[in-house]
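Only one structure is covered here, and it is reproduced in the block below.
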Amino acid sequence: MEQTEQNLRQQTELYGEPLGVLMRRIAGTLGLTQARLAEAIGLSAPMLSQLMSGQRVKIGNPAVVSRLQRLDLLVHRVNEEGIAEPQIAMELDDIRGSTGAFTRSTPATAPPNSMPAASTSRPDPRSVVREIQDLIRGVASAGEVQRAAELIATESPGLAELLLTYGTGRTDDAVAHYERHR
């Protein structure tokens, strides 16, 4: 019992609250069974159960953490904005299919004296924003992003805004930000 309590305290330090509390809130708000929640974030049902009960402390896969953060943000939007069921279903499909990976549209290194090939179309802004969100949310919780933004706001207000917009904000707001600054 003592180990479980210690694990739950560590989860609170890592994620802001025990994962069981977080996951039950997400599942309840979105009408998901535990099995559907596991599928949406990309975990096996037994692993999800172990995390929720405090038998395991942390999620090792950053993509899973990213999906969980996106689900938590979706719950916030459902509660604040009253998002309709069809929109929730679309968001769930999008979250389920996200990789949480950082991708590039061009190779990281190019041969010397070469120019990148001309692109016939620009990437979809929403896709770019989702990848940025996945990256930030895969390495830091919303609370960590907020604390980091507060720490740098005085000296780098633009960077603080960027962190908050992409790390804790709504996707639509981040897309608008991206469009203004590209």
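The values are calculated or read from the model by the stated rules, or taken from the named source; none is laboratory data. No experiment lies behind these values; they were computed from the predicted model shown. Ideal geometry is used to build each Cβ from the backbone, glycine not excepted, and the neighbour counts take in all protein chains shown. The protein model used for the area step is the full one, side chains on, heavy atoms only, and it has no ligands, DNA or RNA in it. Shrake-Rupley method; radii C 1.70, N 1.55, O 1.52, S 1.80 Å.
Which count do you get for residues in region 16-28 that are open to solvent by 50 Å² or more (accessible area, probe 1.4 Å) and assigned to a helix (DSSP H, G or I)?
Residues that pass the stated criteria total 4.
Can you tell me which condition THR4 does not meet? The list is (1) at pLDDT below 95; (2) surrounded by 14 or more Cβ atoms within 10 Å (Cβ to Cβ); (3) not in a loop (DSSP other than H, G, I, E, B), and all the others hold.
(2)
Please state which of the following conditions MET90 fails to meet, knowing it meets all the rest: (1) assigned to a helix (DSSP H, G or I); (2) among the hydrophobic types (A, V, I, L, M, F, W, C); (3) touching a helix residue (DSSP H, G or I) at 6+ places or on another chain (Cβ under 6 Å).
Looking at each condition in turn, MET90 falls short on (3).
Name the one entry in ARG24, ARG70, ARG56 that is more than 20 Å from ALA142 (Cα to Cα), charged (D, E, K, R) and modelled with pLDDT of 90 or more.
Step by step, each of ARG24, ARG70, ARG56 is checked, and only ARG56 is more than 20 Å from ALA142 (Cα to Cα), charged (D, E, K, R) and modelled with pLDDT of 90 or more.
Within region 45-61, is there a residue that is within 28 Å of ASP173 (Cβ to Cβ), charged (D, E, K, R), in contact (Cβ under 8 Å) with a residue 40 or more places away in the chain and surrounded by 15 or more Cβ atoms within 10 Å (Cβ to Cβ)?
No, region 45-61 contains no residue that is within 28 Å of ASP173 (Cβ to Cβ), charged (D, E, K, R), in contact (Cβ under 8 Å) with a residue 40 or more places away in the chain and surrounded by 15 or more Cβ atoms within 10 Å (Cβ to Cβ).
Conditions (1) closer than 18 Å to THR168 by Cα; (2) at pLDDT below 80; (3) part of a loop (DSSP other than H, G, I, E, B); (4) open to solvent by 90 Å² or more (accessible area, probe 1.4 Å), marked per residue:
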| position | (1), (2), (3), (4) |
| --- | --- |
| THR109 | no, yes, yes, yes |
| SER114 | no, yes, yes, no |
| ALA118 | no, yes, yes, yes |
| GLN133 | yes, no, no, no |
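Provide a single number: the residues in region 137-159 that are closer than 23 Å to LEU14 by Cβ and at pLDDT 90 or above.
So the count comes out to 6.
Restricting to region 161-182, name every residue that is open to solvent by less than 30 Å² (accessible area, probe 1.4 Å) and either free of Cβ contacts under 8 Å to residues at least 12 places away in the same chain or in contact with a Cys (Cβ under 7 Å, 6 or more places away or on another chain) (or both).
Within region 161-182, GLY169 is the sole residue that qualifies.
Can you say whether LEU37 is over 14 Å from the mean Cα position of the chain (by Cα) and assigned to a loop (DSSP other than H, G, I, E, B), as far as the supplied structure shows?
Spelling it out, it is not the case that LEU37 is over 14 Å from the mean Cα position of the chain (by Cα) and assigned to a loop (DSSP other than H, G, I, E, B).
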